[in-house]
Amino acid sequence: MEIGKVIKLLIKKRNMKQVEVAKLIGKSPTALSQIISGTFKPQSETLEKLSEVLNVPVAVIHFLSISENDIPKEKLPLYK
């Protein structure tokens with residue numbers, strides 16, 4: 001799953017609105033929308049702010065963005 005989709009999912013699970021999250025991280029709603037759509041990747045500072053607002057460690061956001069296609073075949077059993 002792409003990182004933007006993970007962020008969108010976490011926003012939804014927290015019952016928050018994108019406009020609210022954008023304000024809390026100091027970005028415009030358009031900028032957050034572009035991150036969610038995959039147009040832009042979030043900078044590390046933005047990702048840190050998102051993790052604070054969404055109450056999820058950055059590592060978890062990265063982990064959730066990994067798909068089976070990203071895993072080398074020899075490591076796939078460990079991933080599963």
In what sequence, highest mean first, do 12-20, 51-59, 31-39 appear when ranked by Cβ atoms within 10 angstrom? 31-39, 51-59, 12-20
Proximal lysines relative to LYS8, as straight alpha-carbon distance under 21 Å, when same-chain residues fewer than 8 apart are discounted: LYS17, LYS23, LYS27, LYS41, LYS49
Count charges around TYR79 for me, please; just the other residues with Cβ under 14 Å from its Cβ, Lys/Arg as +1, Asp/Glu as -1. 0
In segment 1-45 the accessible area split gives carbon plus sulfur, as whole percent at 1.4 Å, a share of 53
What percent of all Cα-Cα pairs in the chain falls into each 10 Å bin, going from 0 up to the bin containing the maximum distance? 18, 51, 21, 9, 1
Using only helices, what value at 222 nm comes out for the chain when you add -39,500 (n - 2.57) per DSSP H run of length 4 or more and divide by the total residues, to the nearest 500 deg cm²/dmol? -17000 deg cm²/dmol
Suppose R0 equals 22 Å. What FRET efficiency, 1/(1 + (r/R0)^6) with r the Cβ-Cβ distance, do PHE40 and TYR79 give to the nearest 0.05? 0.20
Given a 1.4 Å probe and heavy atoms of the protein chains only, how would you sort SER44, SER65, largest accessible area at the top? SER44, SER65
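The values are calculated or read from the model by the stated rules, or taken from the named source; none is laboratory data. Not measured: the values here are computed from a predicted model. Ideal geometry is used to build each Cβ from the backbone, glycine not excepted, and the neighbour counts take in all protein chains shown. Heads up: the accessible areas ignore ligands, DNA and RNA and are worked out on the full protein's heavy atoms, side chains in. Shrake-Rupley method; radii C 1.70, N 1.55, O 1.52, S 1.80 Å.
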